[in-house]
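Just so it is clear, none of the values below were taken in a lab; they were calculated from the coordinates. For clarity, every value in this text was computed on a predicted model and none was experimentally measured. Every residue, glycine as well, gets a Cβ built from its backbone with ideal geometry; the counts of neighbours run over all protein chains shown.
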Amino acid sequence: MALYALGDTHLSLSAGKPMDVFGGAWENYMDKLARGLGVLTDDDTLVLCGDTSWAKSFPEARDDFAFLNAFPGRKLIVKGNHDYWWSTATKMRRFFAEEGFHTLDILHNNAWLHGDVALCGTRGWFYEEDNSHQGTHDEKVFLRECIRLKASLDAGRKLLGASAGDPGHPESGAGGGVGVGGADGNGVDGDGGMDGADGNGMDGDGGVGGAGGNGMDGDGDPDGELLAFLHYPPLYEGYRCDEIVDILTRYGVRRCFYGHLHGPSHQRAIEGAYRGIDYRLVSADYTEFRPFRIT
Ligand SMILES: [Fe+2]
Ligand SMILES: [Fe+2]
């Protein structure tokens, strides 16, 4: 019952953008991925940390997901900046169900259990986003990502038996929780993890008070570990997203896995401990197309 993370598989079986054209590590990357994913067994969970497929639609993504689904084990998909096929949770799950992709689900405004570990995540934020609107900081998108991360961590806390609510925020109030998230049951069986956020994806963030307290004492800490999976690196040489790091810190996350960085950018990746959190880059071209084993 192993847990793995792998980012940036950039599958393109139908989208016409195979990564082999970049040469180097990407040459024959589908063969490498097939070998790498060959370690998976039925009880395993693999978190895919974004940029999973180049496809722009479900029909175009079908072959890519069929490729992933053919390997044993559950695969939970985090949104990357190139996942243009991404849609609402309901539509994605309907597509997976209709196609028989029963090993696939999403990690987005929700959380999942793997043993006594809660898997949480969202796309995250990177300074590149600042340049996407003529150099302006897209505050709305940024805040939405922070809310999504908190929603997922709240859902993770619930799965671990703790109350939702930002544990380090005195106004949050354990037991308040957010309108999104709400992973039902334990999500382990592959059909749980409902996120209730589909549609506009951001209708939640209720976060209203609750049982009072700050969540750090009265309601206790979760009985297990919260792991964070992001697409964008919260830390990078010369860059740090304080808001994301702060959220991870407040929720007691000790390990964070991220992707997005490729080729020469690997050299500027920051790994290891920073403010009590261990960061790992798991982009496929960094891990030699092998899933990074976490547990
Ligand atoms: Fe990527
Ligand atoms: Fe990316």
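Key figures
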read-out	value
Which of Ile294, Ile244 has the fewest Cβ neighbours within 10 Å, and the rest in rising order	Ile294, Ile244
Packing-based order for 67-78, 149-160, using average beta carbon neighbours within 10 Å, highest first	149-160, 67-78
Neighbour-count order for Glu225, Glu27, fewest beta carbons within 10 angstrom listed first	Glu27, Glu225
